[in-house]
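Trainee: Right, I'll just put the structure down here and ask away after.
The values are calculated or read from the model by the stated rules, or taken from the named source; none is laboratory data. In this text, all values refer to a predicted model and were calculated from it rather than measured experimentally. Counting neighbours? That spans all protein chains shown, and the Cβs are built from the backbone with ideal geometry, glycine included.
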Amino acid sequence: MFFEPHLRDKQAMRYDPFKALIAPRPVGWVSTMDKEGRVNLAPYSFFNAFSSDPPIVGFCSEGAKDSLAYARETGEFVWNMATWDLRNQMSETSAPLERGKSEFTHAGLETAPSILVRPPRVKASPAHLECKVIDIFHLRDVNANPVPRFLVMGQAIGIHIDEAFMEGGMVQITKMKPIARCGYQDYSVLDAVFAIQRPKGAGNLL
Ligand SMILES: Cc1cc2nc3c(=O)[nH]c(=O)nc-3n(C[C@H](O)[C@H](O)[C@H](O)COP(=O)(O)O)c2cc1C
C-alpha cells in the first residue's frame, strides 16, 4: 500500500497509522511550573533524546498546551520516567484540566523536590532528568508554512536514578519497566533486552 498522508482513505483506515509505525515511542512525562509556582504534569510521546553529551531531550506540543506555556515561561522542565507501575496515573495526567490545576493532585501522585530546577518530580518514578530549555521550535511543513506544533528542546543538567535499579554501575532498565507509546490505544513495556556487539572499529557506544 502507498498513500500520501493527507489523502489517506479514512474509510479503510479510520485512525492515522503514522503513530502506529513510529513505535514504541518513549513517554516524556513532563513536569513544569509557571511563574506563579503552579505545577503541571503531562505525558508527551513525541519525545526523545537527541544528544548524549550534552544530554539533550525534546518533546513536541501538538497545539499550544500548558507544558509548552510553562516551559516557555520559566525555561525549565523535568522528565519523569513513566513505568508499568505508574501506567494508569500517567494516563490520568493527560486529562484536559483547567490551566493551574495540578495533574499531580488529580492523579494522586506525590511530588519530590528537584535540585537544580523549580518544577517538582514524580516521587514514584525511578529516574528523572532536570532540564533547562535550550530552544523552542515552531515547526513548519514542507511548504514552509508554520504549523501549530512546538518542539521544546532541553538540556538535562541533573539526573536522578533510584539506586535500587543500579547494579555494577549500570541501569537495570528491565527492572524499571518503562512504558512506551504505540499506535491507537496501545503501549509496550520494556521488560526484556538483547545485546549486539558493534563491528570492530565502530567505536564504543557504551
Ligand atoms: C501517552 C500519551 C502521549 C501523549 N503524547 C502527546 C504528544 O506527544 N504531544 C501532545 O501534544 N499531546 C500528547 N498527549 C496528550 C497530552 O498529554 C494532553 O493533551 C495533555 O492534556 C496536555 O497537558 P498540558 O496542557 O497540561 O501540557 C499524549 C497523551 C498520552 C496519554
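Trainee: Find the residue count for segment 89-137, including only residues that are within 14 Å of the ligand (Cβ to nearest atom), in contact with a strand residue (DSSP E or B) (Cβ under 7 Å, 6 or more places away or on another chain), modelled with pLDDT of 95 or more and of a type in the set (Ser, Thr, Tyr).
Mentor: Adding up the residues that qualify gives 2.
Trainee: Additional query: Cβ-Cβ below 6 Å, separation at least six or inter-chain, first residue in segment 33-55 and without any contact (Cβ under 8 Å) to a residue 40 or more places away in the chain, second among the small types (Gly, Ala, Ser): which pairs?
Mentor: Pairs that qualify, where the first residue is without any contact (Cβ under 8 Å) to a residue 40 or more places away in the chain and the partner is among the small types (Gly, Ala, Ser), are 44/28; 47/28.
Conditions tested, residue by residue: (1) polar (S, T, N, Q); (2) surrounded by fewer than 14 Cβ atoms within 10 Å (Cβ to Cβ); (3) farther than 30 Å from residue 130 by Cα.
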| residue | (1), (2), (3) |
| --- | --- |
| 4 | no, yes, yes |
| 11 | yes, yes, yes |
| 14 | no, yes, yes |
| 24 | no, no, no |
| 28 | no, no, no |
| 36 | no, yes, no |
| 42 | no, no, no |
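Trainee: Please verify whether segment 160-172 includes one or more residues that are touching an Asp or Glu at 6+ places or on another chain (Cβ under 8 Å), modelled with pLDDT of 95 or more and more than 16 Å from the ligand (Cβ to nearest atom). Break it down into steps so the answer makes sense when it comes.
Mentor: First, the residues of segment 160-172 that are touching an Asp or Glu at 6+ places or on another chain (Cβ under 8 Å): 160.
When the remaining residues are screened for being modelled with pLDDT of 95 or more, the result is 160.
So of that shortlist, the ones also more than 16 Å from the ligand (Cβ to nearest atom) come out as 160.
Yes.
Trainee: Could you please find all residues in segment 85-130 being closer than 22 Å to residue 185 by Cβ and in contact with a Pro (Cβ under 8 Å, 6 or more places away or on another chain)?
Mentor: If the condition is that a residue be closer than 22 Å to residue 185 by Cβ and in contact with a Pro (Cβ under 8 Å, 6 or more places away or on another chain), then 90, 91, 93, 94 are the ones that fit.
Trainee: Taking segment 68-84, which residues are of a type outside the set (Phe, Trp, Tyr) and surrounded by 22 or more Cβ atoms within 10 Å (Cβ to Cβ)?
Mentor: Filtering segment 68-84 down to residues of a type outside the set (Phe, Trp, Tyr) leaves 68-69, 71-76, 78, 80-83.
Listed by number, the residues that qualify are 68, 71, 78, 80, 81, 82, 83.
Trainee: Kindly list, by first and then second residue, each pair from a residue in segment 89-108 that is over 13 Å from residue 31 (Cα atoms) and without any contact (Cβ under 8 Å) to a residue 60 or more places away in the chain to a residue that is within 9 Å of the ligand (Cβ to nearest atom) and β-branched (Val, Ile, Thr), limited to pairs with Cβ atoms under 9 Å and residues at least 6 apart or on different chains.
Mentor: Correct list of pairs: 106/93.
Trainee: Then there's this: Condition first: closer than 22 Å to residue 32 by Cβ, out of contact with any Pro (no Cβ under 9 Å at 6 or more places or on another chain) and surrounded by fewer than 17 Cβ atoms within 10 Å (Cβ to Cβ). Now tell me which residues in segment 154-182 satisfy that.
Mentor: If the condition is that a residue be closer than 22 Å to residue 32 by Cβ, out of contact with any Pro (no Cβ under 9 Å at 6 or more places or on another chain) and surrounded by fewer than 17 Cβ atoms within 10 Å (Cβ to Cβ), then 158 is the only one that fits.
Trainee: Specify which of the listed residues (52, 45) is more than 8 Å from the ligand (Cβ to nearest atom) and either among the polar types (S, T, N, Q) or more than 27 Å from residue 183 (Cα to Cα) (or both). Can you show your working first?
Mentor: Numbers: 45 fails: more than 8 Å from the ligand (Cβ to nearest atom).
Within the list 52, 45, the selection yields 52.
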